[in-house]
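Asks: Structure below; questions to follow.
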Amino acid sequence: MHTQLFQGNLIRLTALDAARDAETESRWTHDAEFMRALSAEPLRPLAPNIVRQKRETAQKDLKPQHLQFAIRPRAEERLLGVAQLARLDWTNGSAWLTLGIADACERGKGYGGEALRLLVNYAFAELNLQRLVAVTADDNPRAIRFFERAGFVSEVRRRQAIHRDGKRWDAVMLGILREEWSAG
Amino acid sequence: MNCDLLRGERVRLTARNAATDAPLLAQWSYDSEYLRLSDAGPARLYSLAQIQEYLEKESAAENPHAFFFAIRTLAEERVIGDIELDGIRWTHGDAFVGISIGERALWSQGYGSDALRVILRFAFDELNLHRVSLNTFEYNPRAIRAYLKCGFQIEGRQRRALNRNGKRWDVIYMGILRAEWANSAR
């Protein structure tokens, strides 16, 4: 039985370290490209101590509605990105997945793809969920392809729901069912 | 210009009143079909005191991302359900509407559709939103028909997202754009 849920070949999923990761995460909150890929909230730069407080508050909740992960190189401590399973719904067996590799120079190396495989595996093999949702927008075709390559299917297109740079974009919601994961 | 923005043909939208609405919500909650049509979460019961405290906190909070209303009949001034705009994203001009009619005897009589038309006018003419969204459940065809009638379009479905009575059902996403509303429902 394969039980190394958090170890990949290139990367590993770990807990976030609220104190040590705060500088890096604060830097990311100034990066519109990254923050827009993760969230529809307007860009809001946060100082390291605020990022740290938010992470500490989240980590005090031991029965959370969402699980947060750091993505790090397999043999290094530095932070490559973050991932989370939010809106955990146990009766219906679903959660919403978010994942991003922050620095452009770290993209295209397979880190994100491996982190996504680990997280999807964790959701189905450990949490026994039935389905996952990922939300993006058609201003980010890379993200749509990224999730489709991992077996997600485009399910909902909320027309013109995203307004950025003076243009309207559709919000795209993708889903993967437990059966589709097993098949892959 | 319409100066009675919250008034429809059969209902009007008013503030929720914790003291008088809590007993109604408590009574409606015993109807678990009502709960399942309103919410994807598991049916559960709350005491009158819990409901009252929840409603008091809700109105005191003045949540900048939500507006909550009671639906009141024009004829009898009777509270029959509630409706809200929630999850408002001001930068994108998007919000989700949720509605439920608690008084089962009044289902399918046009009260909900009237309340929806009032809240769409509020969303577009008062809040200046660009679109209004909602999600509903495959096992609620009456609601889907009512939303289509009010001008919403189906924008997709989350496959098998609900588990009820051992069966899996889709969650259906719908939306209406400002331009669609201005052309038809107005």
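Read-outs: derived from the displayed coordinates by stated rules, not from any lab. All values derive from a computational prediction rather than experimental measurement. Quick reminder, even Gly has a Cβ in these numbers, built from the backbone with ideal geometry, and neighbours come from all protein chains shown.
Asks: Using Cβ counts within 10 Å as a stand-in for footprinting exposure, how do B:C3, B:C150 rank, fewest first? Provide the component values of the computation, followed by the final result.
Replies: Values: B:C3 5, B:C150 22.
In order of increasing Cβ crowding within 10 Å: B:C3, B:C150.
Asks: Take the alpha carbon atoms of the stretch B:108-171, find their center, do the same for the stretch A:150-184, and report the distance between the two centers in whole angstrom.
Replies: The two parts, judged by their Cα centres, are 19 Å apart.
Asks: Taking loop as defined by DSSP and a crowding limit of 13 other beta carbons within 10 Å, which GluC sites (Glu not before Pro) in the stretch B:30-127 fit? List each step's numbers first, then the result.
Replies: Numbers: sites: B:E33, B:E53, B:E56, B:E58, B:E62, B:E76, B:E77, B:E84, B:E103, B:E126; in loops: B:E62, B:E76, B:E77, B:E103.
Those that pass, being in a loop and sparsely packed, are B:E62, B:E76, B:E77.
Asks: Please report A:R44, B:R36 as a ranked list, fewest other C-beta atoms within 10 angstrom at the top and most at the bottom. Provide the component values of the computation, followed by the final result.
Replies: Values: A:R44 10, B:R36 18.
Lowest to highest Cβ neighbour count: A:R44, B:R36.
Asks: Once all Cα-Cα distances of chain B are split into 10 Å bins that start at 0, what whole-number percent is in each one?
Replies: It works out to 9, 36, 39, 16, 1, 0, in whole percents.
Asks: Return one quarter of the surface area of the convex hull spanned by the alpha-carbon atoms of the stretch A:1-113, equal to its mean projected area, in nm². If you can, show how the numbers build up before the last one.
Replies: Numbers: hull surface 33.3 nm².
The orientation-averaged projected area of the Cα hull of the stretch A:1-113 comes to 8.3 nm².
Asks: Now, a different point. Looking only at A:G112, A:G166, A:G100, which one moves most when chain A is put into a Gaussian network model with springs between Cα atoms under 10 Å?
Replies: In this elastic network of chain A, the residue with the biggest mean-square fluctuation among A:G112, A:G166, A:G100 is A:G166.
Asks: If the convex hull of the alpha-carbon atoms of the stretch A:11-183 is projected onto planes in all directions, what is the mean projected area in square nanometres? Mind dumping the intermediate values first?
Replies: On the way: hull surface 40.8 nm².
If I average the Cα hull's projected area over directions, I get 10.2 nm².
Asks: Here's something else I'd like to know. How large is the translational diffusion coefficient of the protein assembly as shown in µm² per second when you combine the Kirkwood radius over alpha carbon pairs with Stokes-Einstein at 4 °C and 1.567 mPa s?
Replies: On the way: Rh = 22.5 Å.
The calculation lands on 58 µm²/s.
Asks: A follow-up question, please. Taking amide H positions as placed in the peptide plane 1.01 Å from N, state which residues far from B:L74 in sequence (5 or more) or on other chains have amide H under 5 Å from it.
Replies: Those qualifying (amide H under 5 Å, at least 5 residues apart or on another chain) are B:V11, B:R12.
Asks: Under 26 Å Cα to Cα from B:K57, which lysines show up? Leave out anything in the same chain fewer than 8 places away.
Replies: In chain and number order, the partners are A:K54, A:K60, A:K63.
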